[in-house]
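Enquirer: One structure is given below, represented as structure tokens, and several questions about it will come after.
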There are 2 protein chains.
Amino acid sequence: MSKGFLPAIVLVRPQLGENIGKTARAMLNFGLTDLRLVAPRDGWPNPDAGPSAAGAGRVIEAARVFETVEQAIADCTHVYATTVRDRDMPKPVVTPSEAAAQIHGLQKMGNQTAILFGPERSGMTNDDVALADTVLTVPVNSEYGSLNLAQAVILVAYELFKTHDTTPVHQPAHPEGLATKAEVVGLMEHLEAELTKSGFFRSKDRQDSMRRTIRNLIQNAGFCSQEVQTMRGIVKSLSRRKPE
Amino acid sequence: MSKGFLPAIVLVRPQLGENIGKTARAMLNFGLTDLRLVAPRDGWPNPDAGPSAAGAGRVIEAARVFETVEQAIADCTHVYATTVRDRDMPKPVVTPSEAAAQIHGLQKMGNQTAILFGPERSGMTNDDVALADTVLTVPVNSEYGSLNLAQAVILVAYELFKTHDTTPVHQPAHPEGLATKAEVVGLMEHLEAELTKSGFFRSKDRQDSMRRTIRNLIQNAGFCSQEVQTMRGIVKSLSRRKPE
């Protein structure tokens, strides 16, 4: 994905270089690279940022510094302000997944978007938030909602990644080589024959229901072809065993 | 939500106390409290865990320590193993959102579930993973997938929280007090009357299309009742202005 199709992450007056580094790492984990810093407290470059970026140094090196939020978002057409607490501002408020869906659509149509994150302790001022179109609030435990900066960034970056990730939500245990029904039924019949010989089905009354129980548990196991062979080897070995 | 309805987070041979603390914080942010530690490298309690837990001390204090993974998951009926790289193990592989949906269902039906996370550097052994029912893999940037422990935990905890969170994905800018159409049309007509007087509609040909343009932009602004009044004040003030 080219850089032009990705939203910018804007850290507004970030305090610790370490958190800028962790933000870069969280961004790159989910494919974001456009990092913008507004008036970082300890200046820029900051020697604390590199080590905590842990391999995401190229995001740190490409970061751009601006004096004001207005300058940082000048090229953007739609801006989200991430806040934890309710600001009671007349703005739409969206969850990270909804923001990601909107941003995905906006970026696809050629809009440059940006997501603002406030300083570690205080968060953004109401004047910062007033520059945004939409407030992005991460729903958290109402009794304990202290998300740190890089954690807030990673949750948003993760939701953005999900909008274009094509990983199947569920991949079966055996993508290939699942046993055919002939193999599964072969195992059932082999087991039933040996159990009949060993006297397992003592009660004629319950024989049918017991057989169904066993057939269901074999069915539910979802064996691959190889595992059916292993199971048949087990049945064979156990039934060959001499009485002690 | 009572503890009994929440999955356990199991850290398998965690190395740094700081990461255990950050995990506790990530858990509590999204309402998880059942932390289990398997053979933590530096023993337990670990003085490094508390400070990085930042207010989630009660999760640290309630953490239980086990010698083996088998012991840690003894009361569970379904276990997920979180891995980054593909293990090529014959197990279903799910994304965090799919795992969260499954866990939500399992827990609701009274099952205790657990999610395993491996040691910081090496990840879990294949023997650890073999104890799990399902592999949970976070889809990440294929060129840079170095999620740290607490980040992996927070993404999974966040998805679990989403399964029972009732926050609307989109809340309008004005949950109450949106302007009625009578108020909106009143503003349109007021503005059109003043613009007619000021000679804005010079071209008779384009008058209708210009009026529609203005009506659409007022419509799209989504004013609340109060904002319509503010806009009418602005129109009144500007149209009262004397020529210089």
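Enquirer: In this structure, is B:Ala100 in the same structural domain as B:Asn29 (by TED's automatic domain parsing) and closer than 19 Å to B:Tyr158 by Cα?
Expert: Details: in the same structural domain as B:Asn29 (by TED's automatic domain parsing): yes; closer than 19 Å to B:Tyr158 by Cα: yes.
Considered against the rule, which asks whether it is in the same structural domain as B:Asn29 (by TED's automatic domain parsing) and closer than 19 Å to B:Tyr158 by Cα, B:Ala100 comes out as yes.
Enquirer: Could you list, in sequence order, the residues of the range B:69-84 that are among the small types (Gly, Ala, Ser) and surrounded by fewer than 22 Cβ atoms within 10 Å (Cβ to Cβ)?
Expert: The one that is among the small types (Gly, Ala, Ser) and surrounded by fewer than 22 Cβ atoms within 10 Å (Cβ to Cβ): B:Ala74.
Enquirer: Let me ask you something else. Can you tell me which residues in the range B:166-184 are surrounded by fewer than 15 Cβ atoms within 10 Å (Cβ to Cβ) and more than 7 Å from every other protein chain (Cβ to nearest Cβ)?
Expert: Hits for the range B:166-184 are B:Thr166, B:Pro168, B:Pro175, B:Glu176, B:Gly177, B:Thr180, B:Lys181, B:Ala182.
Enquirer: Something else now. Can you say whether A:Leu131 is more than 14 Å from chain B (Cβ to nearest Cβ) and under 27 Å from B:His174 (Cβ atoms), as far as the supplied structure shows?
Expert: yes
Enquirer: Turning to a different aspect of this structure: If you go through the range B:114-122 one residue at a time, do you hit one that is among the small types (Gly, Ala, Ser), within 13 Å of chain A (Cβ to nearest Cβ), out of contact with any Ser or Thr (no Cβ under 8 Å at 6 or more places or on another chain) and closer than 22 Å to B:Ile20 by Cα? Quick ask: steps written out before the conclusion?
Expert: Within the range B:114-122, the subset among the small types (Gly, Ala, Ser) is B:114, B:118, B:122.
Still in the running and within 13 Å of chain A (Cβ to nearest Cβ): none.
No.
Enquirer: Restricting to the range A:112-128, and then to whatever is surrounded by fewer than 19 Cβ atoms within 10 Å (Cβ to Cβ) and touching a residue at least 12 places away in the same chain (Cβ under 8 Å), can you tell me which residue is nearest to B:Gln171 (Cα to Cα)?
Expert: A:Asn126
Enquirer: What number of residues within the range A:142-165 are at the interface with another protein chain (Cβ under 9 Å from one of its Cβ atoms), under 17 Å from A:Leu116 (Cα atoms) and in contact with a Leu (Cβ under 9 Å, 6 or more places away or on another chain)?
Expert: Within the range A:142-165, residues that are at the interface with another protein chain (Cβ under 9 Å from one of its Cβ atoms), under 17 Å from A:Leu116 (Cα atoms) and in contact with a Leu (Cβ under 9 Å, 6 or more places away or on another chain) number 4.
Enquirer: Let me ask something else. For the range B:69-104, how many residues are within 12 Å of another protein chain (Cβ to nearest Cβ), of a type in the set (Ser, Thr, Tyr) and part of a loop (DSSP other than H, G, I, E, B)?
Expert: 1
Enquirer: Would you mind stating whether A:Val129 is touching a strand residue (DSSP E or B) at 6+ places or on another chain (Cβ under 8 Å), over 27 Å from B:Leu147 (Cα atoms) and not in a loop (DSSP other than H, G, I, E, B)?
Expert: Yes: the conditions hold for A:Val129.
Enquirer: Let me confirm something: among A:Ala72, A:Ala62, A:Ala39, A:Ala53, which residue is over 26 Å from A:Asp127 (Cα atoms), modelled with pLDDT of 95 or more and of a type outside the set (Phe, Trp, Tyr)? Lay out the reasoning, then the answer.
Expert: Values: A:Ala72 fails: over 26 Å from A:Asp127 (Cα atoms); A:Ala39 fails: over 26 Å from A:Asp127 (Cα atoms); A:Ala53 fails: modelled with pLDDT of 95 or more.
One residue alone meets the criteria, A:Ala62.
The values are calculated or read from the model by the stated rules, or taken from the named source; none is laboratory data. From a predicted model like this one, the values you see are computed outputs, not experimental measurements. When we count neighbours, we look across all protein chains shown, and the Cβ atoms used for this are built from the backbone with ideal geometry, even at glycine.
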